[in-house]
Structure formats: C-alpha cells, structure tokens
Amino acid sequence: MLDISELSRRTGFPASKLRYYEEVGLIRSIGRKGLKRLFEEEVTTRLALIALGQTAGFSLAEIRALIGVEGQPDLDRSALGQKADMLDSQIQELAALRDGIRHIMNCSAEHHLDCPRFRRILRVAMKRKA
C-alpha cells in the first residue's frame, strides 16, 4: 500500500490531482492511515493510463469510460481507433500548416499579402474559425 505522499512522489502527480482523480472516479483509495489516503500499488498503472489518455487528447470523462472504475481496464478498441483517426487528421492539418508557414517564411513576394499561397492560407484559416 502507498500513502498519497508516496504515490505522488513515485508518479509525479501532485497530491491535489490525486485527490481530484479520486473525487471524479478515476482512481480509488482503499482507506486511510491517519489523515492520509492509502492506495494499492496497481493505481500507478491506472495513473499511467490516465497520463497516456490525456497526452492522446482524451478528456477525463472519456478516460474514465475507457478504463472503468474497478479492476483491470477494458479499453474500448473502437474509441481508441476513433481517437487515432482524429489524431491522424490533426497531424495532417498541422503538417499542412507547418508547410504553409515555411513557405511564407521563404516567400519571394515583396509583401506577404501579395503571395497567392499566403492568401489561400488566410482563407482556409477563416473557414476553420467560422
């Protein structure tokens, strides 16, 4: 068993975040030692899954649905596939944006607004915000 201080030290998650994760049902303590919450060792795996999910762009509610509340996580492969597809789309958009910025950086037009590619990039940006 790990008290909240030890769990925080081992995982790098602040104790306040661990308490919040418990409050929203992502992790569960198994009791207390004095005022300190106690956790089973397996909670470190759940915290790693939470960190991975957040890095991938899942909300905490989505992560809770994916890893469940009790026992071993049963990851929804369909939800993971949808998130992977969304990340692929974001990567393509970011790559196109990067390429456009590099073009603008090296554009030979006297003024950026004279560059047809820059004007296209501006139109696309406006459409995305609309």
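Using C-alpha pairs under 8 Å with a sequence gap of at least 6, the mean separation divided by the residue count of the chain gives a relative contact order of 15 percent.
At an R0 of 30 angstrom, the distance between the Cβ atoms of residue 85 and residue 33 translates into a FRET efficiency of 0.10. For the stretch 78-129, the extents of the C-alpha atoms along the principal axes are 50, 21, 10 Å, listed from largest to smallest. Dipole orientation for the chain: of the candidates 31, 13, 103, 103 has the Cα lying most toward the positive pole (charges on Cβ; Lys, Arg +1; Asp, Glu -1). Placing unit charges on the Cβ atoms only, positive for Lys and Arg and negative for Asp and Glu, gives the chain a dipole magnitude near 520 debye about its Cα centre. Hull volume per residue, based on the alpha-carbon atoms of the stretch 2-75 and their convex hull, is 79 Å³. Hey, what's the Cα Rg ratio for the chain versus the globular rule of thumb, 2.2 N^0.38 Å? Compared with the compact-globule rule of thumb, the chain sits at 1.60. Can you list the aspartates and glutamates whose alpha carbon sits under 18 Å from that of residue 36, skipping same-chain ones fewer than 8 residues off? List returned: 3, 6, 22, 23. For the stretch 78-129, the dipole from Cβ point charges (+1 on Lys and Arg, -1 on Asp and Glu) about the Cα centre works out to 200 debye, to the nearest 20.
Spatial offset of the stretch 1-51 relative to the stretch 53-130 amounts to 32 Å, using the alpha carbon center of each. Among the trypsin sites (Lys or Arg not before Pro) in the stretch 1-45, none is located in a DSSP loop while being surrounded by at most 11 other Cβ atoms within 10 Å of its own Cβ.
Coordinate-derived values only; no laboratory data. Source: prediction; values computed, not measured. Backbone-built Cβ (ideal geometry, glycine too); neighbour counts: all protein chains shown.
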